[in-house]
Every structure is written in C-alpha cells, then in structure tokens.
Amino acid sequence: MPRHFEREIDLLKRSLLVVGAAVEENVQKAMLAVRRRDIDLARLVIEGDREIDRLEVQTEEECLKALALYQPVANDLRFVVAALKMTDELERMGDLAANIAKRAISLAERPAIAPVFEYDDMASRTMWMVKQALSALIERDTNLAREVWLADDAVDAIHVGAQVAIKQALRANPGDTDQLVDWLVVERFTERLADQAKSIAKDVLYMVEGEIVRHQGDALRAAREAREAAG
C-alpha cells in the first residue's frame, strides 16, 4: 500500500471514530433527556446534531477522495466502501437522536403521564447496541458485530408491545393523546436507532470478512439457539 494511501486510511479511521463518538454521546443524552424530562439537555442534543452533520460531510469527502485518487482494491476497497456506508448510517443516528430530543422537550412541557411500556429497558438495550456496534467497528470484532445483530430481536419485541400498549392507551385515555403520540414517536425513533446499529454491525462483517450478510439473520439465530441448547 502506498504511504500516501496509508495516511489517507488512517485519517479516515480517525474521522469515523470522531463521528461515532459524537453520535454515541448524543444518543445517550437524548435518551436521558426523555427519562429526566430535561429540556436543557434535549436542546444540547439538537445543537450537537449540527456538528455531527459537519463531521459526516467531512468524512464522506475523505472516502470519495480515497476512491478517486487511489482506486483501492480488495480489503482496502471494502474498508472505504464500508466507511462510506457507515458515515451515512451514523448521520442518520444523529438525526434520530435529535428527533428524540425534540419529543423530549414536548413531553417535558406537558403534564407527565404514567408509563404504558418499558422505555427504560428499550433505551438501555438500544444504547448497548449503539455502543457495541461502534466498538465492533473500532476493534474489527466480527463476533461482537454478530451479537449486536442478534440483540435487535429484543428491541423489536419491545417495539411491537409498545405499539399495542400505546394504541390501547390512546383509546382508553383520549385526554392524554398529545403525550401518548409523543411516546409513540419516541419509541419508534428508538427502534430505528437499534436498526441503524444493526446495519453498522453488518457493515463491520462486510468490511472484515468481505461477505454481504444482510439475509443471514435466520442462520445466526439458529446458531445461537444451538449453542444455548448445547450448554
């Protein structure tokens, strides 16, 4: 690999880490803002999204520069392509965090209502997925990436139950409609954050192993069930 290209790849890796750290911090703050009804914290998330957008554009430009100037092949090409995809996914995660923060403000400005689903559990699981997906990226850890992929099943199950519970609450308590709609949006955006973390995990698998794995979820689940049955 030419020395100039090595430096370009190192720069790209650092840029990905910076974007990932900013996104992880904003996701955590957004979820805390919901839990604590903290308007000031929610506003910090919204402001922080502008910096994430700037970093995303910068990293995308670095990816395109690497492709145009060096025309990488094999492992290097996979890394740059995966980095380009991950940059887009991280930016979307930043947007989702900002959207959750906006709903946190709306919820904090209205009377609190009794929770109708386990948002704390959903948020904790999603935050774990976000954190571990980024760790898998940094460490090029395919086993961890597969764990993140499988962890999405639990978040999906909470999402389905939350949708049912909120719709039932809307029928039973029409006076709480505004707050319940906010919660409906918050849990939907949280579920989408988990989906984005899963996508990053798939990108890690592609980057390291060179295999497109988007349709292998059933095989992963079967392998997990076999391990659990064996031990």
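Assorted remarks:
- Identity of the residue in the range 65-124, surrounded by fewer than 16 Cβ atoms within 10 Å (Cβ to Cβ) and polar (S, T, N, Q), that ends up nearest to Asn173 (Cα to Cα): Ser124
Rundown of residues vs (1) in contact with a strand residue (DSSP E or B) (Cβ under 8 Å, 6 or more places away or on another chain); (2) within 17 Å of Lys29 (Cα to Cα); (3) not hydroxyl-bearing (Ser, Thr, Tyr), yes/no style:
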site	(1), (2), (3)
Ser124	no, yes, no
Asp141	no, no, yes
Leu144	no, no, yes
Leu150	no, no, yes
Ala165	no, no, yes
Gln168	no, no, yes
Thr177	no, no, no
Phe189	no, yes, yes
Leu205	no, no, yes
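- Taking the criterion of being touching a helix residue (DSSP H, G or I) at 6+ places or on another chain (Cβ under 8 Å) and surrounded by fewer than 16 Cβ atoms within 10 Å (Cβ to Cβ), the residues of the range 155-166 that qualify are Asp156, Gln163.
- Ala157 part of a helix (DSSP H, G or I) and of a type in the set (A, V, I, L, M): yes
- Matching entry among Ile212, Ile138 (being outside any helix (DSSP H, G or I), modelled with pLDDT under 90, more than 21 Å from Ala33 (Cα to Cα) and touching a Leu at 6+ places or on another chain (Cβ under 9 Å)): Ile212
- In the range 69-93, the residues that are within 22 Å of Val130 (Cα to Cα) and touching a residue at least 12 places away in the same chain (Cβ under 8 Å) reach residues that are of a type in the set (Lys, Arg) and surrounded by fewer than 17 Cβ atoms within 10 Å (Cβ to Cβ) with C-beta atoms within less than 9 angstrom, at least six apart or across chains, in these pairs: Phe79/Lys13; Ala83/Lys13.
- When the range 167-183 is filtered for residues that are buried (at least 18 other Cβ atoms within 10 Å of the Cβ), of a type in the set (A, V, I, L, M) and under 26 Å from the mean Cα position of the chain (by Cα), only Leu180 remains.
- Residues considered: Val148, Val185, Val181. Of these, the only one that is touching a helix residue (DSSP H, G or I) at 6+ places or on another chain (Cβ under 7 Å), of a type outside the set (Lys, Arg), under 18 Å from Ser106 (Cβ atoms) and assigned to a helix (DSSP H, G or I) is Val185.
For every residue, the table says whether it meets (1) in contact with a Phe, Trp or Tyr (Cβ under 8 Å, 6 or more places away or on another chain); (2) exposed (fewer than 13 other Cβ atoms within 10 Å of the Cβ); (3) not in a helix (DSSP H, G or I).
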{"position": "Phe5", "(1), (2), (3)": "yes, no, no"}
{"position": "Leu16", "(1), (2), (3)": "no, no, no"}
{"position": "Ala22", "(1), (2), (3)": "no, no, no"}
{"position": "Val34", "(1), (2), (3)": "yes, no, no"}
{"position": "Val45", "(1), (2), (3)": "no, no, no"}
{"position": "Ile52", "(1), (2), (3)": "no, no, no"}
{"position": "Val57", "(1), (2), (3)": "no, yes, no"}
{"position": "Glu61", "(1), (2), (3)": "no, yes, no"}
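The values are calculated or read from the model by the stated rules, or taken from the named source; none is laboratory data. Predicted model, so just to flag it, every value in this text is computed and none were measured. Note that each Cβ is placed from the backbone with ideal geometry, even for glycine, and that neighbours are counted across all protein chains shown.
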